[in-house]
Amino acid sequence: MARSVLILMGSKSDLEIMRKAADTLEKLGVEHEMTIASAHRTPERVDTLVRGARDRGVGAVIAGAGMAAHLAGVCASKTTLPVIGVPLSGSKLVGVDALLATVQMPPGMPVATVGIDMAANAALLAAQMLAVEDADLARKLEDERERRAKAVEEAAAEL
């Protein structure tokens, strides 16, 4: 059973946002690998990491990139594992360019895409994918949703 998630980012400047994916997975007890690999500057590294992911027990890939944002698409071209793209806001277009580049994939090459800078949502989606075959993880996700709902109820009661 696949039990881990590969988190890739295009550069070190993406770490602050992409760390939120790792933090979310850690809270859920999901193993993960996190590293830097650029679709443009280190395409061989991306290829090696993604092609070998399934053999390392990876069940989903999260790829965060800004600007041209081809990292998620390149990952998707190298594996049949689910790939989740996180468009990042580090450009003059504040991530809209990355969002469009990530979500507008060609037919036959799907990439799930979350909102701009929403790395935590990418982690939750990856965990949901793994939870299809993992009842314990599914319960943890349900508990997390209940915790969030309770926080909203408490905030409403404070008003």
* Structure fact -> Output for segment 1-108: trypsin sites (Lys or Arg not before Pro) sitting in coil per DSSP, at most 12 other Cβ within 10 Å, listed by number, reads 41, 92
* Asked: How big is the charge dipole of the chain about its Cα centre, in debye rounded to the nearest 20, if each Lys and Arg gets +1 on its Cβ and each Asp and Glu gets -1 on its Cβ?
  -> 480 debye
* Asked: What does the helix-only formula give at 222 nm for the chain: each DSSP H stretch with n ≥ 4 adding -39500 (n - 2.57), the total divided by the residues, and the result rounded to the nearest 500 deg cm²/dmol?
  -> -15000 deg cm²/dmol
* To do: Just report the Cα centroid separation between segment 90-128 and segment 16-31, whole Å.
  => 17 Å
* Lysine pairs within the chain, Cα separation less than 18 Å, 8 or more sequence positions apart or different chains -> 5
* Structure fact -> Relative contact order as a percentage, segment 4-158, C-alpha pairs under 8 Å and 6+ apart, gives 23 percent
* Structure fact -> For the chain, the helices passing both cut-offs (Cα extent along own axis of 15 Å or more, Kyte-Doolittle mean at least -0.5, full DSSP H runs) are 15-28, 119-131
* Structure fact -> Within segment 105-159, DSSP-loop GluC sites (Glu not before Pro) with at most 12 other C-beta atoms within 10 Å are 133
* Between 122, 77, 21, whose Cα lies farthest towards the positive end of the dipole of segment 4-158 when Lys and Arg beta carbons carry +1 and Asp and Glu beta carbons carry -1, centred on the Cα centre? -> 77
* Structure fact -> Under 5 Å from the placed amide H of residue 34, counting only residues 5+ away or on other chains, we find 7
* **Shape parameters for the chain, alpha-carbon atoms, Rg then Dmax in Å** => 15.8, 54
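Rule-based calculations on the coordinates, nothing more; no lab input. It should be emphasised that the depicted structure is a prediction, and the values quoted were computed from it without experimental measurement. We place every Cβ from the backbone using ideal geometry, glycine too, and count neighbours over all the protein chains shown.
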